[in-house]
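The values are calculated or read from the model by the stated rules, or taken from the named source; none is laboratory data. All of these numbers come straight from a predicted model, not from anything done at the bench. Glycine gets a Cβ as well: all are built from the backbone with ideal geometry, and neighbour counts include every protein chain shown.
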Amino acid sequence: MARKPYEHELLRLQHELVELQEWVRAEGARLVVVFEGRDAAGKGGAIKRVTEFLNPRIARVVALPKPTERQRTQWYFQRYVEQLPAAGEIVLFDRSWYNRAGVEMVMGFCTGEEHRQFLEQCPTFERMLIESGILLRKYWFSVSDTEQQRRFRDRLEDPMRRWKLSPMDLESITRWEDYSRAKDEMFARTDTPESPWYVVESDDKRRARINMIAHLLSGLPYREVAPPRIELPDRPPSRGYRRPPREEQTYVPDHAARLG
């Protein structure tokens, strides 16, 4: 997708996302958006564009680290339940409880019984969220093996992004078919009428972001909320305050002045 139409439409959609945010706040709605997909599929970039102009006190990104030893002994969904939104909040999961159906299962971080139990419980868990009033949307970012390989290579050669290439990413290259089978089984068990999966073709990152955001907005019953009337007060006259001398404080050096 060409840059100019992409940036124009993205800005329009981001304006709509702000409208959505204000509706969520005013109505006390609770919105959960799940972002899943292979490594380098474009989930992080899409999340950044969604949240760019949103209030971080309302729209929160959750990217949980690996569970602690204590969390390993809890009900699997428990640490995700703790992150669910209260009234007037949006939570974006950068990977979610579906870790168990993907990386944990493929890499042997869970047992076969734990994987089977997850697939049985997950539709019920999500049905409970929806019945409690949570608006749940699930997006799978689909990237081809050749495009994923190209993005990994770009990360390897870019010192600013090399940190994004983890040992787990490298392992995923040799386990492409294992991840494919795991994803197919996950879809077969968790793509339900109440909580469907929406697949985002993401070889073209710009197109993927536009399509995902437009779809999210089209499926939510938000409306424009009139902003409160705000008037800036007049600044009162001075009552004798004097700023301390500059030499009494430590200022950051003017590095920018050396750039010309």
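Only one of (1) aliphatic (A, V, I, L, M); (2) more than 18 Å from LEU217 (Cα to Cα); (3) touching a residue at least 12 places away in the same chain (Cβ under 8 Å); (4) surrounded by fewer than 19 Cβ atoms within 10 Å (Cβ to Cβ) fails for MET105. Which number is that?
Here MET105 meets the rest and fails (4).
Determine whether LEU84 is touching a strand residue (DSSP E or B) at 6+ places or on another chain (Cβ under 9 Å), under 29 Å from ILE213 (Cβ atoms), assigned to a loop (DSSP other than H, G, I, E, B) and touching a residue at least 12 places away in the same chain (Cβ under 8 Å).
Numbers: touching a strand residue (DSSP E or B) at 6+ places or on another chain (Cβ under 9 Å): yes; under 29 Å from ILE213 (Cβ atoms): yes; assigned to a loop (DSSP other than H, G, I, E, B): yes; touching a residue at least 12 places away in the same chain (Cβ under 8 Å): yes.
Judged against the criteria, LEU84 is a match.
Among the candidates ALA182, ALA208, single out the residue that is in contact with a strand residue (DSSP E or B) (Cβ under 8 Å, 6 or more places away or on another chain) and modelled with pLDDT of 95 or more.
Values: ALA182 fails: in contact with a strand residue (DSSP E or B) (Cβ under 8 Å, 6 or more places away or on another chain).
Going through ALA182, ALA208 in turn, just one is in contact with a strand residue (DSSP E or B) (Cβ under 8 Å, 6 or more places away or on another chain) and modelled with pLDDT of 95 or more: ALA208.
Would you confirm whether or not region 194-203 contains a residue that is within 18 Å of GLN148 (Cβ to Cβ), among the β-branched types (Val, Ile, Thr) and touching a Phe, Trp or Tyr at 6+ places or on another chain (Cβ under 7 Å)?
Of the residues in region 194-203, the ones within 18 Å of GLN148 (Cβ to Cβ) are 199-203.
With among the β-branched types (Val, Ile, Thr) added as a condition, the list becomes 199-200.
Checking which are touching a Phe, Trp or Tyr at 6+ places or on another chain (Cβ under 7 Å) leaves us with 199-200.
Within region 194-203, one or more residues are within 18 Å of GLN148 (Cβ to Cβ), among the β-branched types (Val, Ile, Thr) and touching a Phe, Trp or Tyr at 6+ places or on another chain (Cβ under 7 Å).
Might you let me know whether region 55-65 holds any residue that is modelled with pLDDT of 95 or more, over 22 Å from GLY219 (Cβ atoms) and touching a His at 6+ places or on another chain (Cβ under 6 Å)?
Within region 55-65 (the criterion being modelled with pLDDT of 95 or more, over 22 Å from GLY219 (Cβ atoms) and touching a His at 6+ places or on another chain (Cβ under 6 Å)), the answer is no, since none of the residues qualifies.
Just give me the residues in region 188-204 being free of Cβ contacts under 8 Å to residues at least 12 places away in the same chain and either in a helix (DSSP H, G or I) or aromatic (Phe, Trp, Tyr) (or both), in sequence order. Full working, then the answer.
Here is the first cut: in region 188-204, the residues free of Cβ contacts under 8 Å to residues at least 12 places away in the same chain are 188, 191, 193.
Selection gives ALA188 alone.
Out of region 197-219, which residues are polar (S, T, N, Q) and surrounded by fewer than 19 Cβ atoms within 10 Å (Cβ to Cβ)?
Listed by number, the residues that qualify are ASN211, SER218.
Any idea how many residues of region 220-260 are in contact (Cβ under 8 Å) with a residue 12 or more places away in the chain and either more than 22 Å from TYR198 (Cβ to Cβ) or surrounded by fewer than 10 Cβ atoms within 10 Å (Cβ to Cβ) (or both)?
At the first step, the residues of region 220-260 found to be in contact (Cβ under 8 Å) with a residue 12 or more places away in the chain are 220, 222-225, 227.
Still in the running and either more than 22 Å from TYR198 (Cβ to Cβ) or surrounded by fewer than 10 Cβ atoms within 10 Å (Cβ to Cβ) (or both): 223-225, 227.
Count: 4.
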